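Report on the following structure.
The values are calculated or read from the model by the stated rules, or taken from the named source; none is laboratory data. Computed from a predicted structure; not experimentally measured. Reconstructed Cβ throughout: ideal geometry from the backbone, glycine too, with neighbour counts over all protein chains shown. The area values use the complete protein model at the heavy-atom level, side chains included, leaving out ligands, DNA and RNA. Shrake-Rupley method; radii C 1.70, N 1.55, O 1.52, S 1.80 Å.
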Amino acid sequence: MNDWSSCPAVERDPQKVSGAWVFRGTRVPVSALFENLEDGAQLSDFVNWFPGITLQQARAVLEHAAHSLETA
């Protein structure tokens, strides 16, 4: 299981989106990134569709997920 608490691009708050991991400073769930990429979106599309999320945040989430697979 991926430990998102060590990813600086995300946060979790029980008062936001039912406690789901979201991009820091937003209400956009991290899962939205993976769902959009799975549906064929480009990373640049995603950050354009969700104002408040930076390209650096999106890349950090992907890098964190990739790293967690290496250590699993």
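Local charge sum around S5 (other residues, Cβ-Cβ under 14 Å, Lys/Arg +1, Asp/Glu -1)?
Details: positive: R12, R24; negative: D3, E11, D13.
Its environment carries a net charge of -1.
About its Cα centre, what dipole magnitude does the chain give when the only charges are +1 on Lys and Arg Cβ and -1 on Asp and Glu Cβ, stated in debye to the nearest 20? Working shown, then result.
On the way: 5 positive and 9 negative charges, 61 e Å.
In total the dipole reaches around 300 debye.
Once you've got the GNM for the chain with C-alpha springs shorter than 10 Å, pick whichever of S44, S18, S31 has the biggest mean-square fluctuation.
S18
What number comes out for accessible area per residue over the chain if the probe is 1.4 Å? Units Å², please.
On the way: 4690 Å² over 72 residues.
Using a 1.4 Å probe on heavy atoms only, each residue of the chain averages 65 Å².
What net charge do the residues around G52 carry, taking every other residue with its C-beta under 14 Å from that of G52, with Lys and Arg at +1 and Asp and Glu at -1?
Details: positive: K16, R24, R27; negative: E11.
Around G52, the charge tally is +2.
Would you look at the GNM of the chain, springs on alpha carbons closer than 10 Å, and say which of V30, V17, V61 moves the most?
In this elastic network of the chain, the residue with the biggest mean-square fluctuation among V30, V17, V61 is V17.
Report in % the part of the accessible area of the chain that belongs to carbon and sulfur, leaving out ligands and nucleic acids; probe 1.4 Å.
Details: 2440 of 4690 Å².
The C+S portion of the solvent-accessible surface of the chain is 52 percent.
Grab the DSSP H runs of the chain that are 4 residues or longer, score each as -39,500 (n - 2.57), total them, divide by all residues and round the 222 nm result to the nearest 500 deg cm²/dmol.
Details: 3 runs with 33 residues, N = 72.
When only DSSP H runs of four or more count, the value is -14000 deg cm²/dmol.
FRET efficiency for L69 and D13, Cβ-Cβ distance as r, R0 = 25 Å, nearest 0.05?
With R0 = 25 Å, the Cβ-Cβ based efficiency is 0.45.
So, in nm, how far is label L62 from label R24 when the simple model puts each one 7 Å beyond its Cα toward the Cβ?
The two pseudo-label positions are separated by 1.9 nm.
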